[in-house]
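Worksheet for the structure shown next.
The values are calculated or read from the model by the stated rules, or taken from the named source; none is laboratory data. Computed from a predicted model, the values in this text were never measured in an experiment. Please note: Cβ atoms are built from the backbone with ideal geometry, for glycine as well, and neighbour counts cover all protein chains shown. The area values use the complete protein model at the heavy-atom level, side chains included, leaving out ligands, DNA and RNA. Shrake-Rupley method; radii C 1.70, N 1.55, O 1.52, S 1.80 Å.
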Amino acid sequence: MNELNVLTMGEAMAMFIADEPGSLEDCLRYERYVAGAETNVAIGLSRLGIRTAWMSKVGDDSFGRMILKTLTNEGVDVSHVLVDALNPTGFQLKSKVDKGDPVVEYFRKNSSASKISLEDFPLERLPITQHLHLTGIPPAISSSFRELSWQVLNHMKQTGVTISFDPNLRPSLWSNEREMISVINRFAEEADWMLPGMQEGEILTGYRNKEDIASYYLERGVKLVVIKLGEEGAYFATENERKEVPGFAVTKVVDTVGAGDGFAVGVISALLEGSSYEDAVVRGNAIGAKAVMSSGDHEGLPNREELEHFMKKGVLQS
């Protein structure tokens, strides 16, 4: 195929969302979706016309086939996805809530994605791309996936590819917080664009305000730091510019999971199209707001027409 705009990599899982609020053990019916931070970003970018590929491994099972079918239907390139005949595709259960964050239980131990290694994806065979998007989830899944992620990051950096990194902290996947902070910061400091949430920034840097968190990464070579502030919007900082950008008003919060991935879609797509940092963050805020108003992790991500309509009609937080 033609040269990609964006390459991303990670684990996708089958996701079952409860039909009604309450505890997972009491729920009798679930709806099935595809879950995965990196697949959310890939789908969101593809809907905006950005040529995107997702690199991973899925099991030779119905969940794996469902994931590949979903991504293919969304226009995402899955030619760099391997099918594992020995290890299954992971899955998760997610509660339905009226407010706040849902409860999520993961079933991913010994999943096909956790077995990914450098032998599966030799560096010399990586696709040509303009941009690489990584999160902190693959380095947490297994030591072999961590090593592959690190090698891909450095290989792409040497070829001049821009790199974005979303920490997407998953403390339960790490043996301890100290290791998590050390490894995640090792990746973050090699990125061009760092996209943490405020709480993530506090954990990773030890600082309690957005200005110091941004400075921490700028001093270590990151060119752009964008800190997600929830409903308040986001704050971005570069060597020469710092600004807080208000978020869009949300009429009803349906599902908060995936909002950060939607934000990444907005920022990455806008920057690749040559927009200013501020305009990119505005778009990130818009897509993040739209994402929380739909069930599922990527279902609320807009196409180009829907995005333009929302940004024209959306109300900024005062």
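Take each peptide in 51-64, 124-137, count the other Cβ atoms within 10 Å of every residue, and average; sorted highest first, the result is 51-64, 124-137.
How large is the helix-only mean residue ellipticity at 222 nm for the chain, computed as the sum of -39500 (n - 2.57) over DSSP H runs with n ≥ 4, divided by its residue count, in deg cm²/dmol to the nearest 500? Kindly include the intermediate steps, with their values, before the conclusion.
On the way: 10 runs with 111 residues, N = 318.
Computed ellipticity for the chain at 222 nm equals -10500 deg cm²/dmol.
Of all DSSP beta bridges confined to region 44-181, the antiparallel ones make up roughly 30%. Other residues lying with their Cβ under 12 Å from the Cβ of residue 29 contribute a combined charge of -2, Lys and Arg counting +1, Asp and Glu -1.
Per-residue 3J(HN,Hα) values for region 195-212, derived from phi via the Karplus relation 6.51 cos²θ - 1.76 cosθ + 1.60 with θ = phi - 60°, read 10, x, x, 4, 5, 4, x, 5, 5, 6, 10, x, 8, 10, 10, 5, 5, 6 Hz in sequence order (x marks Gly and Pro).
Accessible surface area normalised per residue over the chain is 45 Å², counting heavy atoms of protein chains with a 1.4 Å rolling probe.
Taking amide H positions as modeled 1.01 Å from N, with prolines and chain starts lacking one, the residues under 5 Å from residue 162 and 5 or more places away or on another chain are 132.
Pull up the DSSP beta bridges for the chain and report the antiparallel fraction as a percent, rounded to 5.
On the way: 20 of 48 bridges.
Antiparallel: roughly 40 percent of the beta bridges in the chain.
How far is the Cα center of region 151-166 from the Cα center of region 1-70, in Å? Measuring centre to centre over Cα atoms gives 23 Å.
Partners of residue 96 within straight-line reach, counting aspartates and glutamates whose Cα lies under 14 Å from its Cα and excluding those fewer than 8 residues away in the same chain: 19, 20, 25, 26, 31, 105, 255, 297. Rounded to the nearest 20, the Cβ-based charge dipole of the chain about its Cα centre (Lys and Arg +1, Asp and Glu -1) stands at 180 debye. A DSSP coil position with no more than 12 other Cβ atoms inside 10 Å describes the following GluC sites (Glu not before Pro) in region 171-254: 219, 239, 241.
Solvent-accessible area assigned to carbon and sulfur over region 32-130 amounts to 50 percent, based on a 1.4 Å probe.
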